[in-house]
1. Looking only at residues that are surrounded by 15 or more Cβ atoms within 10 Å (Cβ to Cβ) and out of contact with any helix residue (DSSP H, G or I) (no Cβ under 7 Å at 6 or more places or on another chain) in the range 96-111, which one is nearest to Ile61 (Cα to Cα)?
2. Which one is farthest from Asn141 (Cα to Cα), of the residues in the range 69-97 that are over 15 Å from the mean Cα position of the chain (by Cα) and of a type in the set (A, V, I, L, M)?
3. Being touching a helix residue (DSSP H, G or I) at 6+ places or on another chain (Cβ under 9 Å) and farther than 30 Å from Phe186 by Cα narrows it down to one residue among Ala124, Ala138, Ala128; which is it?
4. Please pick out the residue among Leu188, Leu172, Leu195, Leu181 that is over 26 Å from Gly81 (Cα atoms) and in contact with an Asp or Glu (Cβ under 8 Å, 6 or more places away or on another chain).
5. Of the residues Val211, Val193, Val223, which single one is under 22 Å from Thr91 (Cβ atoms), in contact (Cβ under 8 Å) with a residue 40 or more places away in the chain and assigned to a helix (DSSP H, G or I)?
6. What is the one condition in (1) in a helix (DSSP H, G or I); (2) over 18 Å from Asn230 (Cα atoms); (3) not charged (D, E, K, R) that Pro96 does not satisfy?
7. Just checking, how many residues over the range 47-81 are in a loop (DSSP other than H, G, I, E, B) and either under 27 Å from Phe100 (Cβ atoms) or aromatic (Phe, Trp, Tyr) (or both)?
8. As an exercise: evaluate Lys201 against (1) more than 26 Å from Gln103 (Cα to Cα); (2) assigned to a helix (DSSP H, G or I); (3) more than 21 Å from the chain's Cα centre (by Cα) and give the number of the one condition it does not meet.
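The values are calculated or read from the model by the stated rules, or taken from the named source; none is laboratory data. Values in this document were obtained by computation on a predicted structure and should not be read as measured data. Note that we place each Cβ from the backbone using ideal geometry, even for glycine, and neighbour counts take in every protein chain shown.
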Amino acid sequence: MTTKKNSMPTMFSGGSRVLVDNLLHPKDLKTAGLIMAFLCLACGLVFTLLYKYFYMIPLVIFALLLLWLYSFKPVRLSYRGGGEILQTLGTALVLPLLGFYAQSGILASFPWEILLAVVPTSFACAVATAVPDAPADAEYNKNTVPVAIGLNRAKALIIVLNVISIILYYLLTEPFKNSLLSVLFFALPPLSVILSLVFIKAKPGTPSVTVFGLSAILTTISVIGGMAFNFLGF
């Protein structure tokens, strides 16, 4: 497996290491996964029976389907290519829909326009977490975006996607409301991109690549947080 050969994991890449470091047996991990899948379905059933949220179970099943497509045979798109797309679908679409639906019960009122700003940066975040693993992934033919297009192009893509998200974020929201939190959300994304640019030459295995990854993640979190603050009143 790629993770066994990966000697340069970071806090957000390289996998959980629980199998590599013999912290868990594969059978234990499989059992835990099945239990969590069951609990997710059980939560969906509770919302359906108690609150008549009839779209909850299909959304949960779709989320679990993305997980299966990402990690398990025969598809395993995380290895074949397309894993970042599945990550984006999960974090930028399914999870926001699940959270919104669980709290409101009305999917029709979901502010769909926020996806315009959230999707590009979510994809950038998925690519960024694959950057540190690129050498090991390439050795085992794991077809991530950094492996497919090269590290330099991947890092440039991350910057471009985040800039697109920031522009759309500013266009879709009311800038700098009379709130310190609003100012923070509007200031963080460009500052995070600037930090990414400072460390754009970072190579896997160096501390600076962790900073590059964290800055990309911070961009995504701040854009999503800002959209939620402006559209949902958080």
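1. Checked the range 96-111; the qualifying residue nearest to Ile61 (Cα to Cα) is Pro96.
2. My answer is Leu69.
3. The conditions single out Ala138.
4. Just a single option satisfies the conditions, and that option is Leu172.
5. Exactly one of Val211, Val193, Val223 is under 22 Å from Thr91 (Cβ atoms), in contact (Cβ under 8 Å) with a residue 40 or more places away in the chain and assigned to a helix (DSSP H, G or I), namely Val223.
6. The failed condition is (2).
7. Of all residues in the range 47-81, those in a loop (DSSP other than H, G, I, E, B) come to 52-55, 72-76, 81.
Okay, now just the ones that are also either under 27 Å from Phe100 (Cβ atoms) or aromatic (Phe, Trp, Tyr) (or both), so 52-55, 72.
The qualifying residues number 5.
8. Among (1) more than 26 Å from Gln103 (Cα to Cα); (2) assigned to a helix (DSSP H, G or I); (3) more than 21 Å from the chain's Cα centre (by Cα), Lys201 violates only (2).
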